[in-house]
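The values are calculated or read from the model by the stated rules, or taken from the named source; none is laboratory data. Bear in mind that the values here come from a model prediction, so they are computed numbers and not experimental data. Glycine also receives a Cβ, built like all others from the backbone with ideal geometry; neighbour counts cover every protein chain displayed. Note: accessible area is taken over every heavy atom of the protein model, side chains too, but ligands, DNA and RNA are not part of it. Shrake-Rupley method; radii C 1.70, N 1.55, O 1.52, S 1.80 Å.
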Amino acid sequence: MSVVTITIPAAPSGTDTSGHWRRVVTGIDLRQRGGYAVLGSFVRPGTRMTVPLGTLVLAVDKTVYERARGPRLGAGRFVESATVRILKARTRGLVEVWSRGYQTAWIHPSVISRLTSLLQKQQERLARNPERAEQDRQAADKANARRIERARAARLKAEAEDERREQRRLYRELKAEAKALAERGRRRKAAADRQALGERKAQARAAALTAAAERRAADRAARVDRIEQEARKRRELETGYAEFWHRAERERVRDLKVVEQVSVQLAGRRLAPGVRLQLLEHLGTLTDGTTTVWWTTQEVTSHSDLGAARCAYRAHARSTVQPYPASASERHRAEVLDERFWRSVERRRAGMEAVEHSFDTVAARNLASGVRLHLRAQGDETGVAGWTTEEVTTHFHPGAARSVYRRHTRSIPRTRTAGTNQRPTS
């Protein structure tokens, strides 16, 4: 006897792959029924193994079909059928020695009978040469052990190769990831460098713009200062020139007398009930035949009682006025205001008429340099109509006159009696 290498057949197409099974038959247990009576080891389809010649292999393939008769509903509609084959190991491989189909899924007793008869014939052959049978069995076991060892080694080699392949794949992935990280880091660094360069350029541009703006502002401030200095010098020259001629005019008319005088009220405002402030422009003809112009600010208080007028005249103190500005900047602001004021005055001057004084001066006294206080009686053809106290300040400079008029505040005179009767005027 000898050994042979066989391949367990696979299930035919169209069968239930989950219901087939293969078994190397080594004996029959007549105490069991069906497939439980077959003794041996189960093997998978496609398995290669070494067995002694004459070894029996039982192959069972199941098929599910629809019942043509009988129950048509529920679990009884579909049933299983089985095809049972007995294969024998020959020198050319497995050879089918018996086959039969059954309408049931369990092993029929006829299969057990056929296996029993075949096993008896095999046992008879083995009994004629037991030593050769034992040698064949040992050779088959060694061949199967070697095949199993080779399969195990091949499996371990494949697993090791798969592991090395997986390690190489992981290494490539890690290398690619590291390269990607390095590329991302390089890009981030390049982006950060570009951003830092852009920020430095922006800062340099902002610094350049700021420096240019500061230079322009400095140039503009220097130009404005130069223009203001030139304007200030020009104003000082003009002011000095005007003050020189006004002072010369005052010196010229100091010893001359006014022969004829025409006065025009340029402005007037109400300080209190019965008290008005007037700005008058006077044109006078002097004894030498020349003319001159001067301005006066008059605080006129009307009285209907002579005693009250005399009391106000005696108790009158000079009003507190702010002087004409001395500094150039203040004079400049005052001159701007004066220019506006005189423009408005010129617009009203055309509609005004000259007013002749019709007051008789009863008494007069000096309050300060250029400031006199008059007590006058206002009369008509029927007699005295009223009395007024006038604080008259003479100005030869129109700006000074306008400044005094603008900043004038009423003085607080002391009265003789508590019941002084004053006639309010508008």
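Taking the residues in the range 227-265 that are part of a helix (DSSP H, G or I) and polar (S, T, N, Q) as candidates, determine which candidate is surrounded by the fewest Cβ atoms within 10 Å (Cβ to Cβ).
By that ranking, first place goes to Gln229.
If you go through the range 156-174 one residue at a time, do you hit one that is open to solvent by 100 Å² or more (accessible area, probe 1.4 Å), closer than 30 Å to Ser41 by Cβ and either within 60 Å of the chain's Cα centre (by Cα) or at pLDDT 90 or above (or both)?
yes
Which of the residues that make up the range 370-414 are of a type in the set (Val, Ile, Thr), at pLDDT below 75 and over 13 Å from Thr301 (Cα atoms)?
Hits for the range 370-414 are Thr382, Val384.
Starting from residues that are free of Cβ contacts under 8 Å to residues at least 24 places away in the same chain and polar (S, T, N, Q), keep the ones in the range 108-134 and report whichever is nearest to Leu30 (Cα to Cα).
Per the stated criteria, the residue is Ser113.
Looking only at the range 136-149, which residues are free of Cβ contacts under 8 Å to residues at least 12 places away in the same chain and either outside any helix (DSSP H, G or I) or surrounded by 11 or more Cβ atoms within 10 Å (Cβ to Cβ) (or both)?
Gln138, Asp141, Lys142, Ala145, Arg146, Ile148
Would you please name the residue that is modelled with the lowest pLDDT, looking only at residues in the range 306-339 that are crowded, with 17+ Cβ neighbours inside 10 Å and not in a helix (DSSP H, G or I)?
Tyr324
On the given criteria, is Arg269 modelled with pLDDT under 85, within 15 Å of Glu390 (Cα to Cα) and of a type in the set (Lys, Arg)?
Yes, satisfied.
Closer than 21 Å to Gly34 by Cβ, of a type in the set (S, T, N, Q) and not in a strand (DSSP E or B), is that true of Thr104?
It is true that Thr104 is closer than 21 Å to Gly34 by Cβ, of a type in the set (S, T, N, Q) and not in a strand (DSSP E or B).
For the condition surrounded by 11 or more Cβ atoms within 10 Å (Cβ to Cβ) and modelled with pLDDT of 90 or more, what is the one hit in Leu126, Leu115?
Unique residue meeting the criteria: Leu115.
Restricting attention to the range 96-109, which residues are modelled with pLDDT of 90 or more and either surrounded by 12 or more Cβ atoms within 10 Å (Cβ to Cβ) or on the phi > 0 side of the Ramachandran plot (or both)?
Glu96, Val97, Trp98, Arg100 - these are the residues of the range 96-109 that are modelled with pLDDT of 90 or more and either surrounded by 12 or more Cβ atoms within 10 Å (Cβ to Cβ) or on the phi > 0 side of the Ramachandran plot (or both).
Could you tell me which numbered condition Val57 fails, if it satisfies all but one of (1) free of Cβ contacts under 8 Å to residues at least 24 places away in the same chain; (2) under 19 Å from Leu126 (Cα atoms)?
Going through the list (1) free of Cβ contacts under 8 Å to residues at least 24 places away in the same chain; (2) under 19 Å from Leu126 (Cα atoms), Val57 breaks only (1).
Pull out all pairs, ordered by first then second residue, where Cβ-Cβ is under 8 Å, the residues are six or more apart or on different chains, the first lies in the range 391-404 and is open to solvent by 10 Å² or more (accessible area, probe 1.4 Å), and the second is of a type in the set (Ser, Thr, Tyr) and modelled with pLDDT under 80.
Short answer, once both residue conditions are applied: His397/Tyr324; Ala400/Tyr324; Val404/Tyr324.
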